[in-house]
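Student: Structure below; questions to follow.
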Amino acid sequence: MKPQPSARTSATVAPDDATRLRVLVIAELANPDWVSVPLVGWSHFQALARRVDAHLATQIRNRENILKTGLSPDQLTAIDTRRIERLTDKLLHLLRAGMVGTTATALSVLAYYEFERRLWRTFGARIRRGEFDVVHRLTPLSPTVPSIIAARCAKAGVPFVIGPLNGGLRWAPEFDHVRRSTREWLSYVREAYKLLPGQRDTLRHASAIICGSRDTREQIPAPYQQKTVYYPENAIDPSRFDRRVTGAAGNPVRVAFVGRLVPLKGCDMLIEAAAPLVRAGRLALDIIGDGPQMPDLRTLAERDGLGAGIFAGWVPHAELQHRLTQSDVFAFPSIHDFGGAVVLEAMALGLVPVVVAYGGPGELVSPATGVAIPMGSREEIVARLRGALETLVARPDSIRAMGERARERVLTHFTWEAKAAQTLEVYRWARGERSKPDFGMPIPDQGRLEPCSPPAVT
(Lines give C-alpha, C1' and ligand atoms only; values in the text may rest on other atoms or scores of the structure.)
Protein backbone atom coordinates (compact mmCIF):
# COMPACT_ATOMS: atom_id res chain seq x y z
CA MET A 1 0.00 0.00 0.00
CA LYS A 2 1.34 3.42 -0.90
CA PRO A 3 1.01 5.71 2.16
CA GLN A 4 -1.29 8.67 1.73
CA PRO A 5 -1.29 12.01 3.56
CA SER A 6 -2.53 12.05 7.14
CA ALA A 7 -5.87 13.61 8.05
CA ARG A 8 -7.20 14.24 11.56
CA THR A 9 -10.15 11.91 12.16
CA SER A 10 -12.81 11.92 14.84
CA ALA A 11 -12.42 9.06 17.29
CA THR A 12 -16.00 8.01 16.57
CA VAL A 13 -16.63 7.37 12.87
CA ALA A 14 -19.94 6.31 11.35
CA PRO A 15 -19.75 2.88 9.72
CA ASP A 16 -19.82 2.62 5.96
CA ASP A 17 -22.80 0.36 5.30
CA ALA A 18 -22.36 0.49 1.51
CA THR A 19 -19.75 -2.29 1.55
CA ARG A 20 -19.07 -4.62 4.43
CA LEU A 21 -15.46 -5.68 4.35
CA ARG A 22 -14.58 -9.35 4.73
CA VAL A 23 -12.00 -9.52 7.51
CA LEU A 24 -10.08 -12.44 8.95
CA VAL A 25 -9.44 -11.43 12.56
CA ILE A 26 -6.57 -13.29 14.20
CA ALA A 27 -6.86 -13.19 17.99
CA GLU A 28 -5.07 -16.11 19.60
CA LEU A 29 -6.10 -14.52 22.91
CA ALA A 30 -9.86 -13.87 22.81
CA ASN A 31 -12.20 -14.99 25.57
CA PRO A 32 -15.38 -13.31 26.86
CA ASP A 33 -15.08 -14.91 30.31
CA TRP A 34 -11.48 -13.99 31.02
CA VAL A 35 -9.81 -10.68 31.82
CA SER A 36 -6.87 -8.64 30.54
CA VAL A 37 -5.68 -9.35 26.97
CA PRO A 38 -8.17 -12.19 26.22
CA LEU A 39 -11.09 -9.90 27.09
CA VAL A 40 -9.57 -7.13 24.98
CA GLY A 41 -9.27 -9.50 22.03
CA TRP A 42 -12.85 -10.73 22.32
CA SER A 43 -14.41 -7.32 22.96
CA HIS A 44 -12.64 -5.72 20.02
CA PHE A 45 -13.61 -8.58 17.71
CA GLN A 46 -17.23 -8.48 18.84
CA ALA A 47 -17.49 -4.76 18.09
CA LEU A 48 -15.78 -5.23 14.72
CA ALA A 49 -18.22 -8.01 13.81
CA ARG A 50 -21.04 -5.46 13.97
CA ARG A 51 -19.35 -3.41 11.24
CA VAL A 52 -17.65 -5.95 8.97
CA ASP A 53 -18.09 -9.57 7.96
CA ALA A 54 -15.59 -10.87 10.47
CA HIS A 55 -14.25 -14.38 10.92
CA LEU A 56 -12.33 -15.10 14.14
CA ALA A 57 -9.32 -17.40 14.28
CA THR A 58 -8.41 -18.15 17.89
CA GLN A 59 -6.94 -20.80 20.18
CA ILE A 60 -9.12 -23.85 20.81
CA ARG A 61 -9.24 -23.16 24.56
CA ASN A 62 -11.49 -20.16 23.83
CA ARG A 63 -14.01 -21.98 21.63
CA GLU A 64 -16.54 -23.12 24.23
CA ASN A 65 -16.79 -19.76 25.97
CA ILE A 66 -17.11 -17.91 22.67
CA LEU A 67 -19.88 -20.14 21.33
CA LYS A 68 -21.86 -19.52 24.52
CA THR A 69 -22.15 -15.86 23.44
CA GLY A 70 -24.19 -16.90 20.40
CA LEU A 71 -21.49 -16.39 17.79
CA SER A 72 -22.18 -18.59 14.80
CA PRO A 73 -19.75 -21.52 14.46
CA ASP A 74 -19.36 -20.40 10.83
CA GLN A 75 -17.63 -17.26 12.13
CA LEU A 76 -15.12 -19.13 14.26
CA THR A 77 -12.08 -21.28 13.64
CA ALA A 78 -10.35 -22.81 16.65
CA ILE A 79 -6.69 -23.77 16.31
CA ASP A 80 -5.09 -26.30 18.64
CA THR A 81 -1.52 -25.64 19.80
CA ARG A 82 -1.96 -27.03 23.31
CA ARG A 83 0.82 -29.58 22.90
CA ILE A 84 3.56 -27.01 22.42
CA GLU A 85 1.97 -24.74 25.03
CA ARG A 86 2.26 -27.50 27.62
CA LEU A 87 5.98 -27.68 26.90
CA THR A 88 6.50 -23.92 27.25
CA ASP A 89 4.36 -23.88 30.42
CA LYS A 90 6.63 -26.50 31.99
CA LEU A 91 9.68 -24.44 31.10
CA LEU A 92 8.10 -21.31 32.52
CA HIS A 93 7.26 -23.18 35.71
CA LEU A 94 10.93 -24.09 36.11
CA LEU A 95 11.85 -20.41 35.75
CA ARG A 96 8.99 -19.06 37.86
CA ALA A 97 11.20 -18.43 40.86
CA GLY A 98 13.22 -16.10 38.69
CA MET A 99 11.67 -14.13 35.88
CA VAL A 100 8.06 -14.36 34.80
CA GLY A 101 6.72 -11.29 32.98
CA THR A 102 9.18 -10.80 30.13
CA THR A 103 10.07 -14.51 30.15
CA ALA A 104 6.45 -15.56 29.69
CA THR A 105 6.16 -13.30 26.65
CA ALA A 106 9.41 -14.64 25.22
CA LEU A 107 8.31 -18.26 25.59
CA SER A 108 4.88 -17.50 24.13
CA VAL A 109 6.58 -16.71 20.82
CA LEU A 110 7.37 -20.40 20.33
CA ALA A 111 3.72 -21.39 20.64
CA TYR A 112 2.61 -18.49 18.47
CA TYR A 113 4.85 -19.54 15.57
CA GLU A 114 2.99 -22.87 15.61
CA PHE A 115 -0.37 -21.10 15.85
CA GLU A 116 0.26 -19.06 12.69
CA ARG A 117 1.76 -22.05 10.86
CA ARG A 118 -1.47 -23.97 11.46
CA LEU A 119 -3.56 -20.89 10.67
CA TRP A 120 -1.93 -20.51 7.25
CA ARG A 121 -2.50 -24.17 6.54
CA THR A 122 -6.23 -23.51 7.16
CA PHE A 123 -6.65 -20.10 5.52
CA GLY A 124 -3.74 -19.68 3.11
CA ALA A 125 -5.58 -20.83 0.00
CA ARG A 126 -8.62 -18.70 0.86
CA ILE A 127 -6.46 -15.63 1.39
CA ARG A 128 -4.73 -16.18 -1.94
CA ARG A 129 -8.14 -16.53 -3.64
CA GLY A 130 -9.14 -13.12 -2.30
CA GLU A 131 -11.88 -14.33 0.04
CA PHE A 132 -10.79 -11.75 2.62
CA ASP A 133 -10.35 -8.01 2.05
CA VAL A 134 -8.16 -7.57 5.15
CA VAL A 135 -6.26 -9.85 7.51
CA HIS A 136 -6.00 -8.28 10.97
CA ARG A 137 -3.83 -9.70 13.75
CA LEU A 138 -5.50 -8.30 16.83
CA THR A 139 -3.67 -10.29 19.49
CA PRO A 140 -1.03 -10.93 20.79
CA LEU A 141 -0.65 -7.28 21.78
CA SER A 142 3.09 -7.53 22.36
CA PRO A 143 5.25 -5.88 19.67
CA THR A 144 7.88 -8.57 20.37
CA VAL A 145 5.79 -11.39 18.85
CA PRO A 146 6.39 -11.54 15.08
CA SER A 147 3.97 -12.77 12.43
CA ILE A 148 5.16 -15.31 9.89
CA ILE A 149 2.14 -14.72 7.64
CA ALA A 150 2.54 -10.97 7.10
CA ALA A 151 4.82 -11.54 4.09
CA ARG A 152 2.50 -14.22 2.72
CA CYS A 153 -0.48 -11.87 2.89
CA ALA A 154 1.52 -9.17 1.11
CA LYS A 155 2.47 -11.64 -1.62
CA ALA A 156 -1.21 -12.52 -1.99
CA GLY A 157 -2.09 -8.82 -2.31
CA VAL A 158 -4.23 -8.76 0.86
CA PRO A 159 -3.58 -5.94 3.39
CA PHE A 160 -2.18 -7.19 6.68
CA VAL A 161 -3.03 -5.02 9.71
CA ILE A 162 -1.41 -5.60 13.08
CA GLY A 163 -2.32 -4.17 16.48
CA PRO A 164 -3.03 -2.32 18.60
CA LEU A 165 0.47 -3.29 19.74
CA ASN A 166 1.36 -2.36 23.29
CA GLY A 167 4.11 -3.37 25.66
CA GLY A 168 7.77 -2.93 26.32
CA LEU A 169 7.23 0.12 28.50
CA ARG A 170 10.67 1.19 29.64
CA TRP A 171 11.31 1.14 33.35
CA ALA A 172 11.80 4.63 34.72
CA PRO A 173 15.39 4.84 36.03
CA GLU A 174 14.08 6.08 39.40
CA PHE A 175 12.44 2.67 39.90
CA ASP A 176 15.03 0.27 38.52
CA HIS A 177 15.19 -1.25 42.00
CA VAL A 178 11.55 -2.37 41.53
CA ARG A 179 12.48 -4.06 38.26
CA ARG A 180 15.28 -5.91 40.06
CA SER A 181 13.01 -6.88 42.96
CA THR A 182 10.52 -8.43 40.50
CA ARG A 183 13.39 -10.31 38.82
CA GLU A 184 12.59 -9.06 35.34
CA TRP A 185 16.11 -9.89 34.21
CA LEU A 186 15.17 -10.46 30.56
CA SER A 187 13.92 -6.87 30.31
CA TYR A 188 17.58 -5.79 30.28
CA VAL A 189 18.10 -7.60 26.98
CA ARG A 190 14.60 -7.08 25.61
CA GLU A 191 15.89 -5.53 22.37
CA ALA A 192 17.08 -9.00 21.36
CA TYR A 193 13.49 -9.68 20.21
CA LYS A 194 14.35 -7.78 17.02
CA LEU A 195 16.48 -10.76 16.01
CA LEU A 196 13.56 -13.19 16.12
CA PRO A 197 12.69 -14.87 12.80
CA GLY A 198 9.98 -12.90 11.03
CA GLN A 199 10.31 -9.76 13.16
CA ARG A 200 11.64 -7.54 10.38
CA ASP A 201 9.32 -9.07 7.78
CA THR A 202 6.31 -8.38 10.01
CA LEU A 203 6.93 -4.63 9.94
CA ARG A 204 8.10 -4.56 6.33
CA HIS A 205 5.03 -6.32 4.96
CA ALA A 206 2.34 -4.94 7.27
CA SER A 207 0.04 -2.47 5.54
CA ALA A 208 -0.80 -0.73 8.83
CA ILE A 209 0.68 -0.93 12.33
CA ILE A 210 -1.69 0.18 15.10
CA CYS A 211 0.20 1.30 18.21
CA GLY A 212 -1.61 1.28 21.54
CA SER A 213 0.79 3.65 23.28
CA ARG A 214 3.23 6.39 22.43
CA ASP A 215 6.04 4.35 23.95
CA THR A 216 5.31 1.41 21.65
CA ARG A 217 5.12 3.74 18.66
CA GLU A 218 8.58 5.06 19.48
CA GLN A 219 9.89 1.48 19.34
CA ILE A 220 8.88 1.09 15.68
CA PRO A 221 11.97 1.62 13.49
CA ALA A 222 12.04 4.83 11.47
CA PRO A 223 11.47 3.20 8.05
CA TYR A 224 8.07 1.93 9.21
CA GLN A 225 6.82 4.95 11.15
CA GLN A 226 4.72 6.08 8.20
CA LYS A 227 2.68 2.89 8.60
CA THR A 228 1.79 3.58 12.24
CA VAL A 229 -1.54 4.79 13.62
CA TYR A 230 -2.06 5.49 17.33
CA TYR A 231 -4.96 4.68 19.62
CA PRO A 232 -4.97 2.85 22.99
CA GLU A 233 -6.06 -0.77 22.94
CA ASN A 234 -8.30 -0.63 26.02
CA ALA A 235 -11.98 0.32 26.07
CA ILE A 236 -15.13 -0.40 28.04
CA ASP A 237 -18.55 -1.85 27.35
CA PRO A 238 -21.06 0.78 28.59
CA SER A 239 -23.63 -1.93 29.33
CA ARG A 240 -21.29 -3.33 31.99
CA PHE A 241 -21.11 0.03 33.77
CA ASP A 242 -24.71 0.81 34.65
CA ARG A 243 -23.85 2.66 37.85
CA ARG A 244 -22.33 6.08 38.38
CA VAL A 245 -21.26 8.33 41.21
CA THR A 246 -24.07 10.64 42.33
CA GLY A 247 -24.55 13.40 44.86
CA ALA A 248 -21.96 15.81 46.19
CA ALA A 249 -18.41 14.70 47.01
CA GLY A 250 -18.24 13.38 50.53
CA ASN A 251 -16.73 14.86 53.64
CA PRO A 252 -14.27 13.26 54.02
CA VAL A 253 -13.45 12.84 50.33
CA ARG A 254 -13.29 9.13 49.59
CA VAL A 255 -10.35 7.84 47.55
CA ALA A 256 -10.27 4.29 46.12
CA PHE A 257 -7.44 2.13 44.78
CA VAL A 258 -7.98 -1.14 42.89
CA GLY A 259 -5.19 -3.47 41.92
CA ARG A 260 -2.81 -6.23 42.78
CA LEU A 261 -0.71 -5.23 45.75
CA VAL A 262 2.77 -5.35 44.25
CA PRO A 263 5.46 -2.63 44.34
CA LEU A 264 4.98 -1.38 40.78
CA LYS A 265 1.33 -0.41 41.47
CA GLY A 266 2.50 2.26 43.93
CA CYS A 267 -0.04 1.62 46.67
CA ASP A 268 2.62 2.28 49.31
CA MET A 269 3.14 5.76 47.86
CA LEU A 270 -0.60 6.41 47.97
CA ILE A 271 -0.81 5.41 51.64
CA GLU A 272 2.13 7.65 52.55
CA ALA A 273 0.78 10.58 50.52
CA ALA A 274 -2.74 10.31 51.93
CA ALA A 275 -1.81 9.66 55.56
CA PRO A 276 -1.88 13.29 56.84
CA LEU A 277 -5.27 13.90 55.23
CA VAL A 278 -6.66 10.65 56.64
CA ARG A 279 -5.45 11.49 60.12
CA ALA A 280 -7.05 14.93 59.80
CA GLY A 281 -10.39 13.33 58.91
CA ARG A 282 -10.47 15.03 55.49
CA LEU A 283 -9.91 11.91 53.36
CA ALA A 284 -10.88 8.23 53.57
CA LEU A 285 -8.94 5.47 51.80
CA ASP A 286 -10.39 2.27 50.35
CA ILE A 287 -7.65 -0.13 49.21
CA ILE A 288 -9.26 -2.88 47.11
CA GLY A 289 -7.02 -5.79 46.19
CA ASP A 290 -4.52 -8.23 47.57
CA GLY A 291 -1.04 -9.46 46.84
CA PRO A 292 2.40 -10.17 48.22
CA GLN A 293 2.90 -6.58 49.38
CA MET A 294 -0.09 -6.69 51.74
CA PRO A 295 1.91 -7.38 54.97
CA ASP A 296 4.24 -4.46 54.27
CA LEU A 297 1.34 -2.17 53.44
CA ARG A 298 -0.43 -3.07 56.66
CA THR A 299 2.74 -2.25 58.59
CA LEU A 300 3.02 1.07 56.76
CA ALA A 301 -0.63 1.91 57.45
CA GLU A 302 -0.20 1.13 61.16
CA ARG A 303 2.96 3.22 61.33
CA ASP A 304 1.18 6.20 59.75
CA GLY A 305 -1.83 5.87 62.03
CA LEU A 306 -4.30 4.69 59.39
CA GLY A 307 -5.15 1.27 60.81
CA ALA A 308 -6.16 -1.92 59.01
CA GLY A 309 -9.65 -0.70 58.13
CA ILE A 310 -8.47 0.84 54.87
CA PHE A 311 -7.87 -2.64 53.35
CA ALA A 312 -10.88 -4.30 51.71
CA GLY A 313 -9.03 -7.23 50.16
CA TRP A 314 -10.39 -8.65 46.93
CA VAL A 315 -13.95 -7.60 46.15
CA PRO A 316 -16.02 -9.80 43.77
CA HIS A 317 -16.29 -8.19 40.37
CA ALA A 318 -20.08 -8.10 40.60
CA GLU A 319 -19.77 -5.93 43.70
CA LEU A 320 -16.89 -3.75 42.56
CA GLN A 321 -19.00 -1.17 40.73
CA HIS A 322 -21.16 -0.54 43.78
CA ARG A 323 -18.11 -0.24 46.00
CA LEU A 324 -16.38 2.21 43.67
CA THR A 325 -19.43 4.43 43.33
CA GLN A 326 -19.18 5.06 47.06
CA SER A 327 -15.91 6.90 46.35
CA ASP A 328 -15.10 10.24 44.75
CA VAL A 329 -11.54 9.83 43.47
CA PHE A 330 -9.65 6.90 41.95
CA ALA A 331 -5.93 6.99 42.80
CA PHE A 332 -3.70 4.66 40.79
CA PRO A 333 -0.03 5.71 41.08
CA SER A 334 1.38 2.77 39.08
CA ILE A 335 4.91 3.41 37.85
CA HIS A 336 4.94 0.67 35.18
CA ASP A 337 1.53 0.04 33.60
CA PHE A 338 1.32 -0.07 29.82
CA GLY A 339 -2.49 -0.45 29.70
CA GLY A 340 -4.60 1.01 32.47
CA ALA A 341 -8.01 -0.55 31.81
CA VAL A 342 -8.96 -0.14 35.48
CA VAL A 343 -8.51 3.63 35.11
CA LEU A 344 -11.03 3.71 32.24
CA GLU A 345 -13.48 1.66 34.30
CA ALA A 346 -13.24 4.07 37.22
CA MET A 347 -13.68 7.06 34.90
CA ALA A 348 -16.75 5.40 33.35
CA LEU A 349 -18.33 5.45 36.81
CA GLY A 350 -17.62 9.15 37.22
CA LEU A 351 -14.61 8.99 39.53
CA VAL A 352 -11.79 11.52 39.16
CA PRO A 353 -8.58 9.64 38.26
CA VAL A 354 -5.23 10.54 39.79
CA VAL A 355 -2.39 8.72 38.04
CA VAL A 356 1.30 8.96 37.25
CA ALA A 357 1.88 10.39 33.77
CA TYR A 358 3.89 7.42 32.61
CA GLY A 359 2.71 4.55 30.45
CA GLY A 360 -0.91 3.80 29.65
CA PRO A 361 -2.76 5.63 32.46
CA GLY A 362 -1.10 8.93 31.59
CA GLU A 363 -2.42 8.66 28.02
CA LEU A 364 -6.00 8.01 29.13
CA VAL A 365 -6.33 10.95 31.54
CA SER A 366 -6.51 14.51 30.25
CA PRO A 367 -6.18 17.83 32.16
CA ALA A 368 -9.94 18.28 31.90
CA THR A 369 -10.78 14.88 33.31
CA GLY A 370 -8.25 14.07 36.01
CA VAL A 371 -4.77 14.57 37.37
CA ALA A 372 -1.62 13.02 35.86
CA ILE A 373 1.40 13.76 38.02
CA PRO A 374 4.90 13.73 36.46
CA MET A 375 7.20 10.76 36.93
CA GLY A 376 10.03 11.26 39.41
CA SER A 377 11.69 9.68 42.40
CA ARG A 378 9.58 7.96 45.01
CA GLU A 379 9.83 11.00 47.26
CA GLU A 380 8.78 13.30 44.41
CA ILE A 381 5.78 11.16 43.49
CA VAL A 382 4.63 11.01 47.11
CA ALA A 383 4.87 14.80 47.38
CA ARG A 384 3.07 15.38 44.07
CA LEU A 385 0.40 12.85 44.88
CA ARG A 386 -0.19 14.47 48.27
CA GLY A 387 -0.41 17.86 46.58
CA ALA A 388 -3.03 16.58 44.12
CA LEU A 389 -5.11 15.04 46.91
CA GLU A 390 -4.84 18.17 49.05
CA THR A 391 -6.08 20.27 46.12
CA LEU A 392 -9.06 18.01 45.50
CA VAL A 393 -9.93 17.88 49.19
CA ALA A 394 -9.75 21.68 49.36
CA ARG A 395 -12.09 21.97 46.36
CA PRO A 396 -14.65 19.15 46.78
CA ASP A 397 -17.13 21.13 44.68
CA SER A 398 -14.84 20.59 41.64
CA ILE A 399 -14.76 16.80 41.97
CA ARG A 400 -18.17 15.89 40.53
CA ALA A 401 -17.79 18.18 37.51
CA MET A 402 -14.40 16.68 36.69
CA GLY A 403 -15.76 13.16 37.24
CA GLU A 404 -18.59 13.83 34.80
CA ARG A 405 -16.08 15.02 32.22
CA ALA A 406 -14.04 11.86 32.83
CA ARG A 407 -17.13 9.75 32.24
CA GLU A 408 -17.99 11.67 29.06
CA ARG A 409 -14.44 11.22 27.77
CA VAL A 410 -14.66 7.46 28.19
CA LEU A 411 -18.13 7.16 26.65
CA THR A 412 -17.04 9.27 23.67
CA HIS A 413 -13.60 7.88 22.88
CA PHE A 414 -13.06 4.65 24.81
CA THR A 415 -15.97 2.32 24.11
CA TRP A 416 -15.54 -0.78 21.99
CA GLU A 417 -17.85 0.74 19.39
CA ALA A 418 -15.55 3.76 19.12
CA LYS A 419 -12.57 1.41 18.89
CA ALA A 420 -14.17 -0.59 16.08
CA ALA A 421 -14.94 2.63 14.21
CA GLN A 422 -11.29 3.64 14.44
CA THR A 423 -10.18 0.21 13.27
CA LEU A 424 -12.52 0.35 10.29
CA GLU A 425 -10.89 3.61 9.19
CA VAL A 426 -7.49 1.90 9.43
CA TYR A 427 -8.81 -0.87 7.18
CA ARG A 428 -9.95 1.71 4.64
CA TRP A 429 -6.52 3.35 4.73
CA ALA A 430 -4.75 0.00 4.35
CA ARG A 431 -6.90 -0.64 1.27
CA GLY A 432 -6.03 2.75 -0.21
CA GLU A 433 -9.57 4.09 0.14
CA ARG A 434 -8.72 7.13 2.31
CA SER A 435 -5.83 9.15 3.69
CA LYS A 436 -4.03 8.05 6.83
CA PRO A 437 -6.32 8.55 9.85
CA ASP A 438 -5.09 10.64 12.77
CA PHE A 439 -7.09 10.34 15.99
CA GLY A 440 -4.72 12.52 18.00
CA MET A 441 -1.88 11.44 20.27
CA PRO A 442 -3.04 11.29 22.98
CA ILE A 443 -6.68 11.34 21.96
CA PRO A 444 -8.01 14.85 22.71
CA ASP A 445 -11.11 15.75 24.66
CA GLN A 446 -14.17 17.23 23.02
CA GLY A 447 -13.72 20.95 22.53
CA ARG A 448 -16.26 21.79 25.22
CA LEU A 449 -14.31 20.01 27.97
CA GLU A 450 -12.38 22.68 29.84
CA PRO A 451 -9.61 21.92 32.34
CA CYS A 452 -10.58 22.11 35.97
CA SER A 453 -8.79 24.78 37.90
CA PRO A 454 -7.07 23.66 40.01
CA PRO A 455 -5.44 21.10 40.27
CA ALA A 456 -2.14 21.82 38.58
CA VAL A 457 0.61 19.49 39.74
CA THR A 458 4.29 19.89 38.95
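Student: If amide hydrogens are placed 1.01 Å from N in the peptide plane, which non-local residues have theirs closer than 5 Å to the one on Val356?
Tutor: Those lying under 5 Å, H to H, from Val356 are Ser334, Ile373.
Student: Restricting to DSSP H runs of at least four residues, report the calculated mean residue ellipticity at 222 nm for the chain, -39500 (n - 2.57) per run over all residues, nearest 500 deg cm²/dmol.
Tutor: Estimated from H runs of four or more residues: -11500 deg cm²/dmol.
Student: Expressed as a whole percentage, what fraction of the accessible surface of the chain belongs to carbon and sulfur atoms when a 1.4 Å probe is rolled over the protein heavy atoms?
Tutor: Looking at the chain in its full context, I get 52 percent from C and S.
Student: Dipole size in debye (nearest 20) for the chain around its Cα centre, Lys and Arg Cβ +1, Asp and Glu Cβ -1?
Tutor: For the chain, the charge dipole is close to 1360 debye.
Student: Still on this structure, I have one more. Between [x] 38, 25, 20; [y] 81, 21, 14; [z] 35, 27, 20, which matches semi-axes √(5λ) of the Cα gyration tensor in Å calculated for the structure shown?
Tutor: Among [x] 38, 25, 20; [y] 81, 21, 14; [z] 35, 27, 20, the one calculated here is [x].
Student: Moving on. Which is farthest toward the positive dipole end of the chain among Val365, Val135, Leu392, measuring Cα position about the Cα centre, with Cβ charges +1 (Lys, Arg) and -1 (Asp, Glu)?
Tutor: The residue sitting most towards the positive pole is Val135.
Student: Shifting gears a bit: Pairs of Cα atoms under 8 Å, at least six residues apart: use those to get the relative contact order of the chain, whole percent.
Tutor: Relative contact order for the chain comes out at 18 percent.
Student: Still on this model: Mind checking which of Val354, His413, Cys153 is farthest towards the positive end of the chain's charge dipole, using Cβ charges of +1 (Lys, Arg) and -1 (Asp, Glu) about the Cα centre?
Tutor: Cys153
Student: Still on this model: How far apart, in nanometres, would the label points at Thr299 and His177 be if each is projected 7 angstrom from Cα along the Cα-to-Cβ direction?
Tutor: 1.4
Student: Turning to a different aspect of this structure: So, by mean Cβ neighbours within 10 angstrom, what's the order for 226-233, 304-311, 49-56 with the highest one leading?
Tutor: 226-233, 49-56, 304-311
Student: Counting only heavy atoms of the protein chains, get the accessible area per residue of the chain (1.4 Å probe) and round it to a whole Å² value.
Tutor: With all protein chains present, the chain gives 42 Å² per residue.
Student: Which of the peptides 285-298, 239-252 is most tightly packed, and how do the rest follow, judged by the mean count of other Cβ atoms within 10 Å per residue? List each step's numbers first, then the result.
Tutor: On the way: 285-298: 17.4, 239-252: 13.5.
With the highest mean Cβ count within 10 Å placed first, the list reads 285-298, 239-252.
The values are calculated or read from the model by the stated rules, or taken from the named source; none is laboratory data. These numbers come from a predicted model, not from an experiment. Note that each Cβ is placed from the backbone with ideal geometry, even for glycine, and that neighbours are counted across all protein chains shown. The area values use the complete protein model at the heavy-atom level, side chains included, leaving out ligands, DNA and RNA. Shrake-Rupley method; radii C 1.70, N 1.55, O 1.52, S 1.80 Å.
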